[in-house]
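Engineer: Mind looking over this structure? Questions follow.
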Amino acid sequence: MVTVTRNLKKMGCMSQLKITALDIFILMFDMFKMSDEMKLNGVNIIQLPKNFDRRGNLSVIEEIKNIPFTIKRTYWIYDVPGGEARGGHAYLQNQEFIVALSGSFDVVLDNGTEKKIYSLNRSYYGLYVPRGVWRQMDNFSTNSLALVLASIPFDPKDYIYDYNLFKAMSRDANELVNLPK
Ligand code: TYD
(Lines give C-alpha, C1' and ligand atoms only; values in the text may rest on other atoms or scores of the structure.)
Protein backbone atom coordinates (compact mmCIF):
# COMPACT_ATOMS: atom_id res chain seq x y z
CA MET A 1 0.00 0.00 0.00
CA VAL A 2 2.88 2.31 0.83
CA THR A 3 4.28 1.77 -2.70
CA VAL A 4 0.90 2.48 -4.30
CA THR A 5 0.55 5.67 -2.26
CA ARG A 6 4.11 6.77 -3.12
CA ASN A 7 3.59 6.15 -6.87
CA LEU A 8 0.29 7.99 -6.90
CA LYS A 9 1.91 10.90 -5.08
CA LYS A 10 4.74 10.94 -7.70
CA MET A 11 2.15 11.10 -10.49
CA GLY A 12 0.40 13.91 -8.69
CA CYS A 13 -2.84 11.89 -8.69
CA MET A 14 -3.50 12.20 -5.01
CA SER A 15 -3.66 15.94 -4.99
CA GLN A 16 -5.61 16.18 -8.30
CA LEU A 17 -8.22 13.63 -7.26
CA LYS A 18 -8.00 14.50 -3.55
CA ILE A 19 -7.25 10.85 -2.69
CA THR A 20 -5.84 10.35 0.77
CA ALA A 21 -3.82 7.41 2.06
CA LEU A 22 -6.85 6.52 4.18
CA ASP A 23 -9.06 6.36 1.03
CA ILE A 24 -6.60 3.96 -0.58
CA PHE A 25 -6.47 1.84 2.55
CA ILE A 26 -10.29 1.64 2.66
CA LEU A 27 -10.42 0.78 -1.07
CA MET A 28 -7.84 -1.99 -0.71
CA PHE A 29 -9.58 -3.32 2.40
CA ASP A 30 -12.91 -3.44 0.50
CA MET A 31 -11.24 -5.21 -2.44
CA PHE A 32 -9.70 -7.77 -0.08
CA LYS A 33 -13.04 -8.30 1.66
CA MET A 34 -14.77 -8.70 -1.71
CA SER A 35 -12.31 -11.32 -2.97
CA ASP A 36 -12.58 -13.20 0.32
CA GLU A 37 -16.36 -13.22 0.11
CA MET A 38 -16.23 -14.40 -3.50
CA LYS A 39 -13.97 -17.26 -2.46
CA LEU A 40 -16.37 -18.26 0.29
CA ASN A 41 -19.37 -18.02 -2.00
CA GLY A 42 -17.93 -20.63 -4.36
CA VAL A 43 -17.94 -24.39 -4.06
CA ASN A 44 -15.11 -25.18 -1.72
CA ILE A 45 -13.53 -28.14 0.06
CA ILE A 46 -12.94 -26.90 3.59
CA GLN A 47 -10.34 -28.53 5.85
CA LEU A 48 -11.46 -28.73 9.47
CA PRO A 49 -9.25 -28.43 12.55
CA LYS A 50 -7.77 -31.80 13.55
CA ASN A 51 -6.86 -32.58 17.12
CA PHE A 52 -4.69 -35.69 16.97
CA ASP A 53 -4.72 -37.70 20.15
CA ARG A 54 -3.62 -41.26 20.96
CA ARG A 55 -7.02 -41.64 22.70
CA GLY A 56 -8.76 -40.84 19.42
CA ASN A 57 -8.83 -37.83 17.11
CA LEU A 58 -11.21 -34.89 17.31
CA SER A 59 -12.39 -32.43 14.66
CA VAL A 60 -14.69 -29.47 15.07
CA ILE A 61 -16.97 -27.16 13.05
CA GLU A 62 -17.84 -23.69 14.32
CA GLU A 63 -20.26 -21.54 12.32
CA ILE A 64 -18.70 -18.53 10.57
CA LYS A 65 -15.26 -19.57 11.82
CA ASN A 66 -14.92 -22.82 9.83
CA ILE A 67 -17.88 -22.53 7.45
CA PRO A 68 -19.22 -19.34 5.85
CA PHE A 69 -22.75 -19.36 7.33
CA THR A 70 -24.64 -19.71 10.60
CA ILE A 71 -26.07 -23.17 11.15
CA LYS A 72 -29.88 -23.27 11.32
CA ARG A 73 -30.32 -27.01 10.78
CA THR A 74 -28.40 -30.27 10.94
CA TYR A 75 -29.44 -33.52 9.29
CA TRP A 76 -27.70 -36.71 8.35
CA ILE A 77 -28.15 -39.42 5.75
CA TYR A 78 -27.45 -43.03 6.68
CA ASP A 79 -28.44 -46.64 5.87
CA VAL A 80 -28.38 -45.83 2.16
CA PRO A 81 -28.93 -49.04 0.16
CA GLY A 82 -26.28 -49.84 -2.47
CA GLY A 83 -26.76 -47.96 -5.75
CA GLU A 84 -29.18 -45.37 -4.31
CA ALA A 85 -28.84 -41.61 -4.86
CA ARG A 86 -30.05 -38.69 -2.74
CA GLY A 87 -30.69 -35.12 -3.73
CA GLY A 88 -31.34 -34.32 -7.36
CA HIS A 89 -32.35 -30.69 -6.76
CA ALA A 90 -31.02 -27.19 -6.08
CA TYR A 91 -31.86 -24.69 -3.36
CA LEU A 92 -32.88 -21.09 -3.87
CA GLN A 93 -31.39 -19.88 -0.58
CA ASN A 94 -30.01 -22.75 1.43
CA GLN A 95 -26.25 -23.21 1.69
CA GLU A 96 -24.85 -26.49 2.95
CA PHE A 97 -21.71 -28.01 4.32
CA ILE A 98 -21.45 -31.76 3.79
CA VAL A 99 -19.08 -34.07 5.68
CA ALA A 100 -18.52 -37.82 5.31
CA LEU A 101 -18.50 -38.60 9.04
CA SER A 102 -18.07 -42.25 8.17
CA GLY A 103 -17.43 -44.18 4.96
CA SER A 104 -17.51 -42.42 1.60
CA PHE A 105 -19.84 -41.00 -1.04
CA ASP A 106 -19.77 -38.66 -4.02
CA VAL A 107 -21.41 -35.24 -4.25
CA VAL A 108 -22.12 -34.38 -7.87
CA LEU A 109 -22.45 -30.62 -8.37
CA ASP A 110 -23.78 -28.90 -11.48
CA ASN A 111 -23.72 -25.10 -11.87
CA GLY A 112 -25.87 -25.18 -15.00
CA THR A 113 -22.95 -25.33 -17.42
CA GLU A 114 -20.54 -27.86 -15.93
CA LYS A 115 -20.64 -30.85 -13.61
CA LYS A 116 -18.04 -31.92 -11.05
CA ILE A 117 -17.79 -34.90 -8.75
CA TYR A 118 -16.43 -34.41 -5.22
CA SER A 119 -15.57 -37.64 -3.40
CA LEU A 120 -15.84 -37.27 0.34
CA ASN A 121 -14.24 -39.94 2.52
CA ARG A 122 -12.74 -38.28 5.60
CA SER A 123 -14.40 -36.67 8.63
CA TYR A 124 -11.87 -33.80 8.85
CA TYR A 125 -12.93 -31.97 5.71
CA GLY A 126 -16.19 -31.18 4.00
CA LEU A 127 -17.75 -29.64 0.93
CA TYR A 128 -19.29 -26.17 1.03
CA VAL A 129 -22.20 -25.96 -1.43
CA PRO A 130 -23.55 -22.45 -2.06
CA ARG A 131 -27.17 -21.85 -3.02
CA GLY A 132 -28.19 -22.24 -6.65
CA VAL A 133 -26.17 -25.38 -7.39
CA TRP A 134 -27.81 -28.60 -8.58
CA ARG A 135 -26.63 -31.39 -6.34
CA GLN A 136 -26.89 -35.12 -6.08
CA MET A 137 -25.24 -37.54 -3.65
CA ASP A 138 -24.45 -41.08 -4.76
CA ASN A 139 -21.94 -43.93 -4.64
CA PHE A 140 -22.50 -44.36 -0.89
CA SER A 141 -20.29 -46.98 0.75
CA THR A 142 -21.77 -49.48 3.19
CA ASN A 143 -22.42 -47.85 6.58
CA SER A 144 -21.54 -44.39 5.32
CA LEU A 145 -22.83 -41.43 7.29
CA ALA A 146 -23.29 -38.03 5.62
CA LEU A 147 -23.59 -35.06 7.95
CA VAL A 148 -25.21 -31.97 6.42
CA LEU A 149 -25.20 -28.54 8.04
CA ALA A 150 -27.70 -26.14 6.51
CA SER A 151 -28.01 -22.35 6.60
CA ILE A 152 -31.84 -22.16 6.77
CA PRO A 153 -34.61 -24.15 8.48
CA PHE A 154 -36.32 -26.81 6.34
CA ASP A 155 -38.51 -25.14 3.73
CA PRO A 156 -40.04 -27.14 0.84
CA LYS A 157 -40.47 -23.84 -1.08
CA ASP A 158 -36.68 -23.45 -1.20
CA TYR A 159 -36.30 -26.52 -3.46
CA ILE A 160 -35.95 -26.46 -7.27
CA TYR A 161 -36.79 -29.94 -8.55
CA ASP A 162 -37.15 -29.05 -12.22
CA TYR A 163 -33.74 -29.34 -13.91
CA ASN A 164 -34.82 -27.29 -16.95
CA LEU A 165 -36.03 -24.50 -14.67
CA PHE A 166 -32.71 -24.67 -12.81
CA LYS A 167 -30.80 -24.43 -16.11
CA ALA A 168 -32.85 -21.40 -17.15
CA MET A 169 -32.34 -19.74 -13.77
CA SER A 170 -28.58 -20.34 -13.74
CA ARG A 171 -28.35 -19.04 -17.32
CA ASP A 172 -30.04 -15.82 -16.21
CA ALA A 173 -27.79 -15.59 -13.16
CA ASN A 174 -24.72 -16.07 -15.38
CA GLU A 175 -25.88 -13.24 -17.62
CA LEU A 176 -26.13 -11.02 -14.57
CA VAL A 177 -22.69 -12.04 -13.34
CA ASN A 178 -21.18 -11.59 -16.81
CA LEU A 179 -22.47 -8.05 -17.38
CA PRO A 180 -19.56 -6.00 -18.76
CA LYS A 181 -18.03 -3.47 -16.35
P1 TYD B 1 -34.96 -34.35 0.71
O2 TYD B 1 -34.35 -33.04 1.02
O3 TYD B 1 -35.83 -34.44 -0.51
O4 TYD B 1 -33.84 -35.46 0.67
P5 TYD B 1 -32.75 -35.73 -0.46
O6 TYD B 1 -32.48 -34.43 -1.12
O7 TYD B 1 -31.54 -36.25 0.27
O8 TYD B 1 -33.30 -36.75 -1.37
O9 TYD B 1 -35.79 -34.81 1.98
C10 TYD B 1 -36.37 -36.09 2.10
C11 TYD B 1 -37.57 -36.00 3.04
O12 TYD B 1 -37.14 -35.58 4.34
C13 TYD B 1 -38.61 -35.02 2.58
O14 TYD B 1 -39.88 -35.59 2.81
C15 TYD B 1 -38.46 -33.83 3.47
C16 TYD B 1 -37.83 -34.39 4.72
N17 TYD B 1 -36.88 -33.45 5.33
C18 TYD B 1 -37.22 -32.79 6.48
O19 TYD B 1 -38.31 -32.95 7.03
N20 TYD B 1 -36.31 -31.91 7.02
C21 TYD B 1 -35.12 -31.70 6.47
O22 TYD B 1 -34.30 -30.90 6.99
C23 TYD B 1 -34.77 -32.40 5.25
C24 TYD B 1 -33.44 -32.16 4.57
C25 TYD B 1 -35.69 -33.26 4.72
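The values are calculated or read from the model by the stated rules, or taken from the named source; none is laboratory data. Note that the structure is a prediction, hence the values are computed from the model and not measured. Counting neighbours? That spans all protein chains shown, and the Cβs are built from the backbone with ideal geometry, glycine included.
Engineer: Of all the residues that make up the stretch 50-80, how many are within 13 Å of the ligand (Cβ to nearest atom) and touching a residue at least 24 places away in the same chain (Cβ under 8 Å)?
Structural biologist: Summing the residues that are within 13 Å of the ligand (Cβ to nearest atom) and touching a residue at least 24 places away in the same chain (Cβ under 8 Å) in the stretch 50-80 gives 9.
Engineer: Right, Arg171: away from the ligand (no atom under 13 Å from the Cβ), charged (D, E, K, R), free of Cβ contacts under 8 Å to residues at least 60 places away in the same chain and closer than 22 Å to Ile64 by Cβ or not?
Structural biologist: Spelling it out, it is not the case that Arg171 is away from the ligand (no atom under 13 Å from the Cβ), charged (D, E, K, R), free of Cβ contacts under 8 Å to residues at least 60 places away in the same chain and closer than 22 Å to Ile64 by Cβ.
Engineer: Residue by residue through the stretch 149-168, note down the ones that are surrounded by 19 or more Cβ atoms within 10 Å (Cβ to Cβ) and either modelled with pLDDT of 95 or more or within 19 Å of Ile67 (Cα to Cα) (or both).
Structural biologist: Leu149, Ala150, Ser151
Engineer: Within the stretch 94-103, is there a residue that is within 14 Å of the ligand (Cβ to nearest atom), within 15 Å of the chain's Cα centre (by Cα), surrounded by 11 or more Cβ atoms within 10 Å (Cβ to Cβ) and in a loop (DSSP other than H, G, I, E, B)?
Structural biologist: yes
Engineer: So which of Gly132, Gly88, Gly83 is within 16 Å of the ligand (Cβ to nearest atom) and without any contact (Cβ under 8 Å) to a residue 24 or more places away in the chain?
Structural biologist: Gly83
Engineer: Is it true that some residue in the stretch 143-166 is more than 17 Å from His89 (Cα to Cα), outside any helix (DSSP H, G or I) and more than 16 Å from the ligand (Cβ to nearest atom)?
Structural biologist: Yes - at least one qualifying residue is present in the stretch 143-166.
Engineer: Quick one: Gly88 ticks every box in (1) modelled with pLDDT of 95 or more; (2) under 21 Å from the mean Cα position of the chain (by Cα); (3) closer than 27 Å to Glu62 by Cα except a single one, so which number is it?
Structural biologist: Gly88 satisfies every listed condition except (3).
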